[in-house]
Amino acid sequence: LPSPPERRLYAPPRSICPLCAHADSPQLNKYLKLDQKGSIMAEYVWIDSTGETRSKSRALAATLASWLRHAANCMPCLRISLSTGSTEPVIAMPFFSDEFFHYNTLKEVEGGYKPEDLPVWNFDGSSTNQAPGDNSDVYLRPCAVYPDPFRGTPNIIVLAECWNPDGTPNKFNFRHECAKVMETYAEHEPWFGLEQEYTLLDLDDRPYGWPAGGFPAPQGPYYCGVGASKVVMRDIVEAHYKACLYAGVKISGTNAEVMPAQWEFQVGPVEGIAMGDQLWISRFFLSRVAEEFAVKVSFHPKPVKGAWNGAGMHSNFSTKEMRVEGGMAHIEAALKKLEPHHEECIKEYGEDNEQRLTGSYETGSIDQFTWGVANRGCSIRIPRETAAQGFGYFEDRRPASNADPYRVTKILMTSIFGKL
Ligand code: ADP
Ligand code: MN
Ligand code: MN
Ligand code: MN
Ligand code: MN
């Protein structure tokens with residue numbers, strides 16, 4: 001028998017979004033195919049005061065320096081330079097658009113643009129609650145560059161740190177201190193693997209596909225679910241997966257979660273400061289992909305009160321020493337170091353996390369530091385395989401889905417190895 005209508009997980013059929021006309025639109029595609037005439041679109045992305053990503057773009061002309069670097073290693077381009085016998089054609093190059101786009105292949109974008117090649121920019125911090133109106137400029141200092149999966153080659157995504165005009169890091173720039181910690185302890189080769197859980201919402205802020213006047217059937221069929229009425233909006237998950245792979249973000253998997261409309265993706269293992277960079281850019285990609293489907297992304301750790309799982313950002317961690325024979329001793333030593341820092345860690349692990357860390361729904365209690373092998377009701381889980389082979393990694397299950405990965409990875413390091 002079919003469920004009563006108010007208990008059905010309902011996914012309306014997909015169509016062209018009535019709000020933004022995003023879809024396979026011939027009107028739009030006509031313009032997207034136009035030649036860029038040698039300019040590159042660079043989408044600068046930063047983190048705002050609420051832990052959301054913001055972005056704006058600027059067009060950059062190819063620089064002489066980046067052209068020379070390329071031409072030195074590229075036979076076709078070298079031939080063109082040599083045939084004219086001077087560096088003159090180098091400057092003329094961008095006007096021969098076929099050759100120019102040869103130069104601007106994906107390979108060049110990945111290997112060619114370094115954050116330090118890209119201009120420092122700024123934005124109006126008074127509009128994002130990151131600066132006062134009478135001194136509103138916040139600087140954007142590029143810190144990581146990725147191929148742009150939305151606009152394609154040769155365009156780029158530029159992750160940027162926020163800095164105040166007086167040369168101090170902006171209040172919401174948690175990357176700067178994290179990077180210092182990662183540099184100081186680089187010899188331990190810290191690897192992180194973050195499991196980002198999130199919830200898709202419709203435009204009325206209901207979990208996507210949930211019936212308007214009620215709730216879907218209780219949890220059970222949805223985790224890693226397959227089939228209509230078990231999962232919704234798999235298109236977003238797949239599109240996001242591809243976007244990450246295209247951009248070189250080390251996404252390692254995805255799965256549907258316990259609460260309907262909740263999903264997870266994992267990024268890692270990634271070493272040091274690149275972990276926070278990649279996770280933030282993957283969040284930006286997710287919000288950006290979902291925008292095209294007119295779907296909202298919530299990173300709130302308890303999006304629905306009651307008998308519904310919360311959302312976390314389990315943080316898997318290992319050092320060089322933990323990953324080899326005898327590693328278990330290093331894991332246990334690290335857990336002993338983490339224990340007295342429990343409260344301090346919780347402060348870094350996201351807002352509203354007390355709604356999630358109740359000791360139920362596969363969480364440990366927020367008041368207690370506990371660990372166990374294969375135990376999902378603890379603060380820290382040691383995976384079965386790590387315990388069996390005597391080395392590997394551990395999983396900190398405490399961070400909320402809205403935690404800042406720079407803060408999480410930093411406090412793990414300073415708790416274990418000491419503050420700077
Ligand atoms: P779970 O069983 O908790 O759902 P997942 O498969 O979702 O685990 O995520 C495990 C994460 O652990 C992945 O992101 C993976 O990259 C990461 N990981 C694997 N090995 C290590 C390691 N040695 N150090 C740190 N992270 C690791
Ligand atoms: Mn303006
Ligand atoms: Mn997982
Ligand atoms: Mn999960
Ligand atoms: Mn996990």
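Before we move on, is ASN353 touching a residue at least 60 places away in the same chain (Cβ under 8 Å) and buried (at least 20 other Cβ atoms within 10 Å of the Cβ)? Break it down into steps so the answer makes sense when it comes.
Values: touching a residue at least 60 places away in the same chain (Cβ under 8 Å): no; buried (at least 20 other Cβ atoms within 10 Å of the Cβ): yes.
Criteria not met by ASN353.
Mind checking whether some residue in region 284-303 is among the β-branched types (Val, Ile, Thr) and either within 16 Å of ligand 5 (Cβ to nearest atom) or buried (at least 22 other Cβ atoms within 10 Å of the Cβ) (or both)?
Initially, region 284-303 is screened for residues among the β-branched types (Val, Ile, Thr), giving 289, 295, 297.
From the residues that got through so far, the ones that are either within 16 Å of ligand 5 (Cβ to nearest atom) or buried (at least 22 other Cβ atoms within 10 Å of the Cβ) (or both) too are 289.
The answer is yes; a qualifying residue exists.
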For region 139-161, how many residues meet the condition of being in a strand (DSSP E or B) and in contact (Cβ under 8 Å) with a residue 40 or more places away in the chain? 12
So, in region 103-148, exactly how many residues are closer than 23 Å to ILE273 by Cα, modelled with pLDDT of 90 or more and touching a helix residue (DSSP H, G or I) at 6+ places or on another chain (Cβ under 9 Å)? 9
Select from region 287-305 the residues that are more than 16 Å from ligand 3 (Cβ to nearest atom) and under 12 Å from the mean Cα position of the chain (by Cα) and write down the one among them that is farthest from TYR198 (Cα to Cα). ARG288
Please state which of the following conditions LYS347 fails to meet, knowing it meets all the rest: (1) farther than 23 Å from ILE47 by Cβ; (2) surrounded by fewer than 20 Cβ atoms within 10 Å (Cβ to Cβ). (1)
Go through region 167-195 and give me each residue that's away from ligand 5 (no atom under 16 Å from the Cβ) and not in a helix (DSSP H, G or I). GLY167, THR168, PRO169, ASN170, LYS171, PHE172, ASN173, PHE174, TYR185, GLU189, PRO190
Single residue of region 276-311 satisfying the filter (among the aromatic types (Phe, Trp, Tyr) and part of a helix (DSSP H, G or I)) that is nearest to ASP404 (Cα to Cα): TRP280
Pair list, Cβ under 6 Å, 6 or more apart: region 332-344 residue in contact (Cβ under 8 Å) with a residue 60 or more places away in the chain, other residue part of a helix (DSSP H, G or I): ALA334/ILE416; LYS337/SER415; LYS337/ILE416; LEU338/SER415; HIS341/SER415
Looking at (1) surrounded by 22 or more Cβ atoms within 10 Å (Cβ to Cβ); (2) more than 16 Å from ligand 3 (Cβ to nearest atom), which is the one condition that is false for GLN262? (2)
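The values are calculated or read from the model by the stated rules, or taken from the named source; none is laboratory data. Keep in mind that this is a model prediction, so the values were computed, not measured. A quick note on method: Cβ atoms are made from the backbone with ideal geometry, for glycine too, and the neighbour counts reach across all protein chains shown.
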